[in-house]
Amino acid sequence: MRQILVSTACIFMFLAPTWNIAADIYTVAGSGAKGYSKSAVAALQAELADPFGITRGPDGLLYFCEFNGHVVRRINSTGNLEIVAGTPGVAGYEGDGGDPTKAKLNLPHEIRFDAQGDLYISDMSNHVIRKVNMKSNRIETYAGTGVKGFTGDNGPANQARFNDPISIQFDANGDLWICDIGNQRLRVVDSKTQIVKTICGNGEKSSFGSQAVLANSTPLKGPRTIDFDAKGMGWLALREGNQVYRIDTANKTLTLVAGTGESGDAGDGGSALSAKLKGPKGIAVSPDGKHVYLADTENHKIRRIDTASGTIDLVAGTGKKHDGPDGSPTECGLARPHGVYLDANGTLYIGDSENHRVRAMLIK
């Protein structure tokens, strides 16, 4: 009975934003078994392979990508999974110009939609960003050549080389920011010209303290995931740096908001600046910029930074790698969660990667 209720909630969440689940955490996709389910499988019965990035599409449906599944899926209005791009369980770099469901991806990390409703995929191990035109149902390479490297700044994005582009997000201007983690850089593709440039990072993997200039002379230590709030502020998590920074794009500065830089698990309920993080790999910011949700991956937790008070607290997970149970968020074990996405109605979705589930909870 519990599963039927959860599935219905999943399908109609976007239609009923006041629906109350009493902040329980619950599964919306994945049976918990690793596998490569085809389309038309009930979301809660599907075998998934490491769900990472999650987002809501312009059609109101929930989309997510599977890292080791090499696919992007969505949950349709009947509660079944549909393949949007990629071939389940098969890695490759094929299909540009054709049907995205016949294409091949290689370890997709994150997905985002632009203002026109087209889907972008950080196709990490192909070293490219792919674009799915949702009207024509065609896939193409938007940035990168498919060859690992670092070239092409100030030229066309589809002629540049990237090294494990891992996270993407659009800013208020519609420009695409890319965490080019293998190159230790943040790069930006201009939406009008499709010219790419480095906006931060000199290729050196090192720390810079509590504040720095947003410039290509500033080093970054594992730029892993990025998001923007409605005011245009960027929020960047550093994987090896174990820190979170706020990016003021107008004043071109980075300011530390969480993490001492030391790998660990400490600080819940206290100062975010005094907290220890361990390999953060997903970030989601509330539109007002007041709360930053962080997949603290190697601690198997979801944590929240209150930017007004400067504190950090536990949202979900026990700190130990485990699968559930659904129910109380802080008693539900997670396994290296990678993706977090905050929906318009306050529902937080979690790519509970090594449990092969997508979970959700309503944030009160």
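The values are calculated or read from the model by the stated rules, or taken from the named source; none is laboratory data. Here the structure is a predicted model, which is why all the values come from computation and not from measurement. Cβ coordinates were reconstructed from backbone atoms using ideal geometry, including for glycine residues, and neighbour counts include every protein chain displayed. Accessible surface areas use protein heavy atoms only, side chains included; no ligands, DNA or RNA. Shrake-Rupley method; radii C 1.70, N 1.55, O 1.52, S 1.80 Å.
I'd like the residue in segment 312-342 that is part of a loop (DSSP other than H, G, I, E, B) and either of a type in the set (A, V, I, L, M, F, W, C) or modelled with pLDDT under 95 (or both) and, out of all such residues, is farthest from ASN299 (Cα to Cα).
For segment 312-342, the residue satisfying everything is CYS332.
Exactly one condition in (1) under 21 Å from ARG224 (Cα atoms); (2) in contact with a Ser or Thr (Cβ under 6 Å, 6 or more places away or on another chain) is not met by GLY333; state its number.
Evaluating GLY333 over (1) under 21 Å from ARG224 (Cα atoms); (2) in contact with a Ser or Thr (Cβ under 6 Å, 6 or more places away or on another chain) leaves (1) as the failure.
Does at least one position in segment 209-222 carry a residue that is aliphatic (A, V, I, L, M), open to solvent by 40 Å² or more (accessible area, probe 1.4 Å) and in a strand (DSSP E or B)?
Yes, some residue in segment 209-222 is aliphatic (A, V, I, L, M), open to solvent by 40 Å² or more (accessible area, probe 1.4 Å) and in a strand (DSSP E or B).
Can you tell me which residue among LEU362, LEU342, LEU334 is closer than 26 Å to THR260 by Cβ, open to solvent by 10 Å² or more (accessible area, probe 1.4 Å) and of a type in the set (A, V, I, L, M, F, W, C)?
Step by step, each of LEU362, LEU342, LEU334 is checked, and only LEU342 is closer than 26 Å to THR260 by Cβ, open to solvent by 10 Å² or more (accessible area, probe 1.4 Å) and of a type in the set (A, V, I, L, M, F, W, C).
Of the residues GLY97, GLY144, only one is more than 20 Å from the chain's Cα centre (by Cα) and either open to solvent by 20 Å² or more (accessible area, probe 1.4 Å) or over 23 Å from THR297 (Cα atoms) (or both); which?
Exactly one of GLY97, GLY144 is more than 20 Å from the chain's Cα centre (by Cα) and either open to solvent by 20 Å² or more (accessible area, probe 1.4 Å) or over 23 Å from THR297 (Cα atoms) (or both), namely GLY97.
So which of ILE111, ILE129, ILE168 ends up being outside any helix (DSSP H, G or I) and touching a His at 6+ places or on another chain (Cβ under 9 Å)?
ILE168
One residue is enough: does segment 119-133 have a residue meeting the conditions over 15 Å from the mean Cα position of the chain (by Cα), modelled with pLDDT of 95 or more, of a type outside the set (A, V, I, L, M, F, W, C) and surrounded by fewer than 15 Cβ atoms within 10 Å (Cβ to Cβ)?
Yes - at least one qualifying residue is present in segment 119-133.
Would it be correct to say that GLY149 is open to solvent by 10 Å² or more (accessible area, probe 1.4 Å), assigned to a loop (DSSP other than H, G, I, E, B) and out of contact with any Ser or Thr (no Cβ under 9 Å at 6 or more places or on another chain)?
yes
Within the group ASP306, ASP265, which residue is more than 20 Å from the chain's Cα centre (by Cα), modelled with pLDDT of 95 or more, farther than 15 Å from GLY241 by Cβ and open to solvent by 20 Å² or more (accessible area, probe 1.4 Å)?
Only one candidate passes the filter, namely ASP265.
Yes/no matrix, rows are residues, columns are (1) closer than 18 Å to LEU220 by Cα; (2) under 18 Å from the mean Cα position of the chain (by Cα); (3) of a type in the set (A, V, I, L, M):
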| position | (1), (2), (3) |
| --- | --- |
| ASN137 | no, no, no |
| PRO156 | no, no, no |
| SER167 | yes, yes, no |
| ASP175 | no, yes, no |
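For segment 132-146, how many residues meet the condition of being within 30 Å of GLY289 (Cβ to Cβ) and not in a strand (DSSP E or B)?
Number satisfying all stated conditions: 1.
Could you list, in sequence order, all residues of segment 274-286 that are open to solvent by 30 Å² or more (accessible area, probe 1.4 Å) and within 23 Å of the chain's Cα centre (by Cα)?
Scanning segment 274-286 gives LYS276, LYS278.
Just the residues that are free of Cβ contacts under 8 Å to residues at least 40 places away in the same chain, assigned to a loop (DSSP other than H, G, I, E, B) and out of contact with any Pro (no Cβ under 9 Å at 6 or more places or on another chain), please, taken from segment 244-299.
Across segment 244-299, the qualifying residues are ALA250, ASN251, LYS252, THR260, GLU262, GLY264, ALA275, LYS278, LYS290.
Pick from segment 1-49 the residues that are among the polar types (S, T, N, Q), modelled with pLDDT of 95 or more and open to solvent by 30 Å² or more (accessible area, probe 1.4 Å): which of them is farthest from ALA316 (Cα to Cα)?
Checked segment 1-49; the qualifying residue farthest from ALA316 (Cα to Cα) is GLN45.
If you check every pair at least six apart or on different chains, which have Cβ atoms under 8 Å apart with a residue in segment 183-199 that is within 15 Å of ILE166 (Cα to Cα) first and a residue that is of a type in the set (Gly, Ala, Ser) and surrounded by fewer than 19 Cβ atoms within 10 Å (Cβ to Cβ) second?
ASN183/GLY203; GLN184/GLY203; ARG185/GLY203
Can you tell me which residue within segment 55-83, out of those that are open to solvent by 10 Å² or more (accessible area, probe 1.4 Å) and aliphatic (A, V, I, L, M), is farthest from TYR142 (Cα to Cα)?
This residue is LEU61.
Mind checking which residues of segment 159-174 are out of contact with any Gly (no Cβ under 6 Å at 6 or more places or on another chain) and either in contact (Cβ under 8 Å) with a residue 40 or more places away in the chain or buried (at least 18 other Cβ atoms within 10 Å of the Cβ) (or both)?
PRO165, ILE166, SER167, ILE168, GLN169, PHE170, ASP171, GLY174
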